[in-house]
Amino acid sequence: MRILHVLNHTYKSNGHVHAAIDLACAQRVSGHEVTIASSGGDFSNILEKNSVMHIELKLNRHPFSILKASWKLIKIVKQFDIVHAHMVLSAILSVPACKLNKTPLITTIHNEFNREAILMGVGKRIIAVSGAVAQSMERRGIPKSRLRTVLNGTIGTPRCTGPIGASAIKKSPSILFVGGLHPRKGVIDLINAFIILSKYFTG
């Protein structure tokens, strides 16, 4: 299968970029022809190493850039069997290209908390990264029949090929926080919980 992933960019700062890179590389390993169209970013070496092609597609919200990118996508999409968009702008720009070329459009909702995430409903199939996200989007009007839940799984990611250090042995209970240092991830809540708990242990 010839698969095209469309993203605004491929910078490391966005978690959904990491998930898209992992998916593209995994699909290539499975024998598919995989290409990413984006403004570029941080993963050129990994994509090249995994034989994932990259097409430069300048995506931003300037009207002229939108028209130019939309026209380029129309010409690009005819080469592929399916298009997978991972961001709102890339999804909206993929719609006319997919309709004109009669190519199925898949979208993944990575950031359900954004108000504009409802626009990801333009896909023929809409992938939610958790059951909670699927339920939220259904409440917001996306038909359940078009929703699919696919959990993010990045164990063994090609982005991290270095050796894994030995596990640290802790003599007391430990808490590990995994996530970006962003308020919505709840790290402030965790720190506040430590402050409350410390009062019981320090007297």
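The numbers here are math on the coordinates, done by the rules we state, and not lab data. Just so we're clear, the structure is a prediction, and the values are computed from it rather than from any experiment. Note that each Cβ is placed from the backbone with ideal geometry, even for glycine, and that neighbours are counted across all protein chains shown.
A few notes on this one:
- For the set Lys75/Lys124; Lys78/Lys144; Lys99/Lys124, the pairs lying more than 18 angstrom apart at their alpha carbons are Lys75/Lys124; Lys78/Lys144.
- Fewest-first sequence of Asp22, Asp81, Asp42 by Cβ atoms within 10 Å of each Cβ: Asp81, Asp42, Asp22
- Sites Asn101 and Lys68, calculated FRET efficiency, Cβ-Cβ separation with R0 22 Å, nearest 0.05: 0.75
- Rounded to 10°, Cα long-axis angle of helix 63-77 versus longest principal axis of the chain: 70
- Which of Val34, Val17, Ala69, positive extreme of dipole for the range 2-149 (C-beta unit charges): Ala69
- When only Cα pairs below 8 angstrom with a gap of at least 6 residues are kept, the chain shows a relative contact order of 16 percent.
- Once backbone amide H atoms are built at 1.01 Å from N, Val6 has Ala37, His84, Ala85, His86 as its partners under 5 Å, excluding neighbours fewer than 5 places away on the same chain.
- Between amide H atoms placed 1.01 Å from N, distances below 5 Å from Asp42 occur with Thr10, Tyr11, Lys12, all of them 5 or more places distant or on a separate chain.
- Sequence of Ile106, Ile195, Ile92 once ranked by neighbouring C-beta atoms within 10 Å, starting from the fewest: Ile195, Ile92, Ile106
- Summing Cβ point charges (Lys, Arg +1; Asp, Glu -1) relative to the Cα centre of the chain gives a dipole of roughly 400 debye.
- Mean ellipticity per residue at 222 nm, deg cm²/dmol - from DSSP H runs of n ≥ 4 across the chain, formula -39500 (n - 2.57): -11500 deg cm²/dmol
- Taken one residue at a time, the phi angles of the range 39-52 give Karplus couplings (6.51, -1.76, 1.60, θ = phi - 60°) of 6, x, x, 10, 10, 4, 5, 5, 5, 5, 4, 9, 6, 9 Hz. Gly and Pro are set to x.
- Residues Ile175, Ile188, ranked from the fewest to the most other C-beta atoms within 10 Å, line up as Ile175, Ile188.
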